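These notes concern the structure reproduced below.
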Amino acid sequence: MTDPFDFRGGKHRGTTIAKAAMKDLARALAGAGMALISSASGALALTCDELKAEIARLQQTLTNEQNALANCNNHPGSCTPGQISGIEQAIAIAEQEIAFDQAQLPTACAPPPPPNFDHVSLQGIEVVQVVQDMAGSVPLIAGKTTFVRVYLDKTNGTRPLTATLKAERGATSVTLNPVFPIIVDATENLTVRRQTWSKSLNFAVPTEMIASGSTTFTLNTPTDTSPQHRTIICDTCGTPTQVSFTNMPPLIIRLIGLTYQFQPTPGAPFQTAAPRAIDYTLVRSWLGRAFPVSQLVSSQTTAAANFNFVFDNTLTDCTKANAQLSAIRAVDMAQPGAENRTHYVGLVSNQGGGMRGCSPIPATANSASPASGPSGAPGGPGSVPVNSGGDTDASFADWYSGHELGHSFGRNHTKACGEPAPFEASFPYPNGQISDASERSVAGLDVGDATNGVPLAVLWGARSFDLMTYCSQPDWPSDFTYKAIRQRLLDENPGFKTERAPRVAGAFVQLVGPLVHVAATVNLTKGTGSIDFVTPLPSAVPSVGLNGRIELIVRDASGRELSRQPAPLQVMADPLPNTDETAIVDAAVPFHEDMAEIDLVLDGTVVAQYTNAQTTPPAPRSFRTTQPRGAAGPTISWDAAPATAGNVTFTVQLLSDSNQWLAIAVGIADPEVTLSAEQAEANKLRLFASNGFRSSPPVEINMCPALIAEVARAETEVEDFQDALDSGEIPPPPRTPERIAQARAQLHKLQRNLATAEVQLAQCQNP
């Protein structure tokens, strides 16, 4: 084999060319090797002139090698394969080195910045209301409190700075100032900045920029806030971010505090347990902040529970509570102008025990699906939920009600902290978190409620849990849950267009009466049930639920079947393991003149019956109003119904500020109702008697709150004076017959004043 470096066998011209090529190759390899070593080690930083000279040398070398290769190719046999390969390698190395050096030219040849400049860069802009990721994938709700978070970075060091943000919509633009300046620290990454409110420039967006439509946000040049006052260079800060806001229907809720009697200690007088004002307030606040709406329409009242609480940590109590809510809602929805989109939420105070909350999980949109849960302070007194840890505000009723409402919007549990089935099989995040906590993933923002002591808070994925878990606080909607509730809310508002203004009210499907509404509870584990409320109504909303297991059979007094119809079954979520599965029935059957019995049939077996008289009960009459000392509100009583009317119950309604009759009591047996102080402020009260199948004509009375207060004051004066007279405090010594007679005369005057006030009240209430 011929040695490739032995040219003795070649022609003179070929030998000369090969020798020249080898010399150039050696020089090129040597030079290229030196350049590679310098570049790889980074030990020598070439100046602009040095780089240009090096590039010129390499380009000359490249030209020489390209010529040598062309010579070999033009004279076959003049170069061995090894020589050609070496030349090609030298060409490749030279090309790589030229490209590498040329890439360094902009940096090496750029003029150095003046010493009073500093550089930052824009990492991203995040427009957030409840939850958001850096891609902006969570829809923004028109009119909902919105913040723009701006993230800035540096290559080295720190820099305190601020900036303004321009918000543009069509021809209108506003300049926004941040909540506070920040310090940009090169050692921090986007993850650190996103999970810490103080490490981003945060801008509250004004109302005119969050209406339905698109808004463009552009960061103006940042300004140094340090004493050096350096000029900040940010080449990427001017990149605009455009987002769109869409309308959503309002969330309409009616909060009903179910009250009950309890003894604080054995042998102590009974007291009324009722949710506190702060419970209602924080429920409204939390739902307004966390749910995908900009408008929360809320009303509230109290109603005495029609059942005895057992507080046994099963679903017994909340199932009964939901049946009562369904009965109240059915009466409300039968009124002209009723708002059928209203969700009814029950609150039960923890003063006498802890009620476990529950709600059905409707498979399709159903605003009639009730929800109920406990209320109270996270730190006690009273029983508190086990996952209250981390709750820093004054009530746990807020997130607890949000969880149960989540069920009523069709959401299942996420399998993370001991929740019972059913589970959301497609929930995307680990451990029930609101995200996977990666750098650009979803993060939550609770905008807070300063009026009620709730601070703004960033809710990072690794430390915050989805609303539908049993994990400790904070619980918050993940984007998965938030988007699903948003869609279900749209489903509850058929015909709603997100690009248009929300409708206030609208027509809805109703069953036209006369009808008899039935609210019942069922224990599916034991195969038992009870019919809790039977109320005649002029109309009803069709119910939604699981079909196929329940029937309602109407019979006459002889047992003859008059009608039979299936009724949807609403199964309660949130049972503990090894406890009974429960459900409610919320349905209406057609009225029949001969009806005397309703049978509740579960899986073919009658589990409950309701029977009553077939006559119409008389209207309530002879109203009396009293307000005992210390009572928050008055008690209104009337004559009991005659025995011939059957088992008569009463429904009580108050006229709301929106001129709607709203029920505060359904199916009460005693001919009296005690009002709260707020209820006593209503203008009118209406009630009717019912035996389930038929109702008396409704009777209206004026509330006359000022006269009720006057009667209560006069009663207190009479009682106090009588007690003082009986005890000898009045008249003071000397207690002569004359002075005692004068005191008795004063008592008689007070009694006459009381009688006059009572007459005036009676005349006002029954004009």
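The values are calculated or read from the model by the stated rules, or taken from the named source; none is laboratory data. All of these numbers come straight from a predicted model, not from anything done at the bench. All Cβ positions, even for glycine, are placed from backbone atoms using ideal geometry, and neighbour counts span all protein chains on display.
The figures follow:
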| read-out | value |
| --- | --- |
| Selection count, the range 146-188, where residues are touching a residue at least 60 places away in the same chain (Cβ under 8 Å) and among the aliphatic types (A, V, I, L, M) | 6 |
| Scan of the range 448-495 for residues that are of a type outside the set (Ser, Thr, Tyr), touching a helix residue (DSSP H, G or I) at 6+ places or on another chain (Cβ under 6 Å) and either free of Cβ contacts under 8 Å to residues at least 24 places away in the same chain or in a loop (DSSP other than H, G, I, E, B) (or both), ordered by number | Leu467, Met468, Cys471, Pro477 |
| Count of the range 262-291 residues which are free of Cβ contacts under 8 Å to residues at least 60 places away in the same chain and either outside the structural domain of Ala304 (by TED's automatic domain parsing) or within 26 Å of Ile485 (Cα to Cα) (or both) | 2 |
| Test: residue in the range 321-329 that is in a loop (DSSP other than H, G, I, E, B), aliphatic (A, V, I, L, M) and farther than 28 Å from Phe480 by Cα | no |
| Filter result (touching a helix residue (DSSP H, G or I) at 6+ places or on another chain (Cβ under 8 Å) and not small (Gly, Ala, Ser)) within the range 255-279 | Leu255, Ile256, Leu258, Pro275, Ile278, Asp279 |
| Selection count, the range 184-203, where residues are touching a helix residue (DSSP H, G or I) at 6+ places or on another chain (Cβ under 8 Å) and of a type in the set (A, V, I, L, M) | 1 |
| Pick from the range 356-403, criterion buried (at least 24 other Cβ atoms within 10 Å of the Cβ) and free of Cβ contacts under 8 Å to residues at least 60 places away in the same chain, ranking: farthest from the chain's Cα centre (by Cα) | Pro374 |
| Selected residue (only one of Phe217, Phe270, Phe291 is modelled with pLDDT under 95 and in contact with a strand residue (DSSP E or B) (Cβ under 7 Å, 6 or more places away or on another chain)) | Phe270 |
| Unique residue being among the small types (Gly, Ala, Ser) and over 29 Å from Ala338 (Cβ atoms) when the list is Ala303, Ala290, Ala274, Ala268 | Ala268 |
